[in-house]
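Notes follow the structure.
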Amino acid sequence: RAAEFPREWLASPLREVLTRHVNGSEANLHALRKLLAQPAPGVFVLPLFSRAFCDMLLAELDAYDASGLPTTRPNSMNRYGLILNDIGLEPLMDTLVATVFRHIGRACFPIEGGSLDRHHTFIVRYSADKDAGLDMHTDNSEVTFNVCLGRDFRAAGLTFCGEMGAPKHRHFSHRHEHSVGNCVVHLGRRRHGADDITDGERVNLIVWCHNRAYRASSAYLDLQQQR
């Protein structure tokens, strides 16, 4: 059985749900769904981390930056950020996925999120003099978790269109405004982009979660042919 992600690092509403109900039970999923806001079809938002954990993780990132050790670009799109495996945080993120995200993923997306078993976890940074924003794109994931860790910033919303392979997948559907500790959850195939930041710096934790069973299904293969 996987170790639990420390409950004191979770936002209190989520901590209460995971403490009160048996993980994976129908009661647990029902309680999680009540906690989720759905500002647009297929886009979910919930309070995830405590402010203390966000500050602690930012301090860890700042310490790594100050060390002068090398960093690897988190993906092919973002130039500024950090892969958390590079600084020894892979076991913590494994635990977060196994004991928190797999339940949220199942509550949001029972098919794609029904069995999250792998992940790519990284930090992205946005500021006017670095990556100001990010063009519309999809993720290499079944379910993406995007958590704002903080800093002071203006603008820098997250814009959504439709799902790849669907009619009107390039049409605007929703703009999410980031707030510290809150997580937005969406399918990896949902087109989205980071609006240009106008002031300050925004730092986000991104977790691309994979579902190997779903990737072996005919439904997944059919979607790939539509891209």
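Its Cα centre serving as origin, region 148-221 has a Cβ charge dipole (Lys and Arg +1, Asp and Glu -1) of approximately 460 debye.
Proximity of backbone amide H atoms, modeled 1.01 Å from N, is registered between GLY150 and VAL203 at under 5 Å, excluding neighbours fewer than 5 places apart on the same chain. What percent antiparallel are the DSSP beta bridges of the chain, to the nearest 5? Counting DSSP beta bridges with both partners in the chain, the antiparallel share is about 100 percent. The peptide list 90-103, 181-194, 152-165, 70-83, put in order of mean Cβ contacts within 10 Å with the highest first, becomes 181-194, 90-103, 152-165, 70-83.
Considering only ALA98, TRP208, GLY162, whose Cα is most displaced toward the positive end of the charge dipole of region 75-216, charges sitting on Cβ of Lys, Arg (+1) and Asp, Glu (-1)? Toward the positive end, the furthest listed residue is GLY162.
Length gained on full extension, GLN225 to GLU90: 45.3 nm, using 0.36 nm per residue less the C-alpha separation.
Placing +1 on each Lys and Arg Cβ and -1 on each Asp and Glu Cβ, with no other charges, gives the chain a dipole about its Cα centre of roughly 740 debye.
Normalised per residue, the accessible area of the chain is 47 Å², obtained with a 1.4 Å probe and no contribution from ligands, DNA or RNA. Ligands, DNA and RNA left out, the 1.4 Å accessible surface of region 4-121 is 54% carbon and sulfur atoms. For the chain, the mean residue ellipticity at 222 nm estimated from helices alone is -8000 deg cm²/dmol, where every DSSP H run of n ≥ 4 contributes -39500 (n - 2.57) and the total is divided by all residues, rounded to the nearest 500. Between ASP62 and PHE172, the simple spin-label model (points 7 angstrom out along Cα→Cβ) gives 3.6 nm. For region 15-145, with the dipole built from +1 on Lys and Arg beta-carbon atoms and -1 on Asp and Glu ones, taken about the Cα centre, which of GLY68, LEU84, PHE49 lies farthest toward the positive end? Of the options given, the answer is PHE49.
The values are calculated or read from the model by the stated rules, or taken from the named source; none is laboratory data. Source: prediction; values computed, not measured. Positions of Cβ are generated from backbone atoms using ideal geometry, with glycine treated the same way; all protein chains shown enter the neighbour counts. The protein model used for the area step is the full one, side chains on, heavy atoms only, and it has no ligands, DNA or RNA in it. Shrake-Rupley method; radii C 1.70, N 1.55, O 1.52, S 1.80 Å.
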